Amino acid sequence: CFACHGQKGISAADIWPNLAGQKQAYLIKQIKDFQAGKRQDPTMAPMIKNLSEKDIEDITAYFSSLDPGK
């Protein structure tokens with residue numbers, strides 16, 4: 001996640017969204033939509049394909065806890 005979305009949830013380039021401060025439920029939905037094929041992106045698909053429910057919970061909790069202003 002950090003390579004594109006940044007360690008503090010602020011992306012390195014405009015083509016990737018900032019995740020810092022996003023609501024956890026929103027982030028979970030986006031990941032699950034990628035896993036289900038409802039959203040498609042050649043970069044994201046392999047990154048999230050094998051995430052467990054626990055992985056998703058942990059990742060989204062982390063990014064939602066970050067300050068979007070930093």
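Quick notes on this structure:
- Helix-only CD estimate at 222 nm, as mean residue ellipticity for the chain, using -39500 (n - 2.57) per DSSP H run (n ≥ 4): -14000 deg cm²/dmol
- For the stretch 46-57, 3J(HN,Hα) per residue [Karplus equation, 6.51 cos²θ - 1.76 cosθ + 1.60, θ = phi - 60°, Hz, x = Gly/Pro]: x, 5, 10, 3, 9, 5, 7, 4, 5, 4, 4, 4
- Extension gain (nm, one decimal) between A25 and C4, 0.36 nm per residue minus Cα-Cα: 5.5 nm
- Fully extended contour minus Cα-Cα distance, from K32 to K49, at 0.36 nm per residue: 5.2 nm
- The chain - percent relative contact order, Cα under 8 Å, separation 6 or more: 38 percent
- A straight Cα-to-Cα reach below 27 Å connects K49 with the lysines K8, K23, K29, K32, K38, residues fewer than 8 places away in its own chain not being considered.
- Rolling a 1.4 Å probe over the heavy atoms of the protein chains gives the chain an accessible area of 71 Å² per residue.
- Spacing of the two label points (7 Å from each Cα toward its C-beta) at A12 and S65, in nm: 2.4 nm
- Nonpolar atom fraction for the chain, defined as the carbon and sulfur part of the 1.4 Å probe accessible area, stands at 55 percent.
The values are calculated or read from the model by the stated rules, or taken from the named source; none is laboratory data. In this text, all values refer to a predicted model and were calculated from it rather than measured experimentally. Note that each Cβ is placed from the backbone with ideal geometry, even for glycine, and that neighbours are counted across all protein chains shown. Side chains are part of the model used for accessible areas, which takes the heavy atoms of the whole protein and leaves out ligands, DNA and RNA. Shrake-Rupley method; radii C 1.70, N 1.55, O 1.52, S 1.80 Å.
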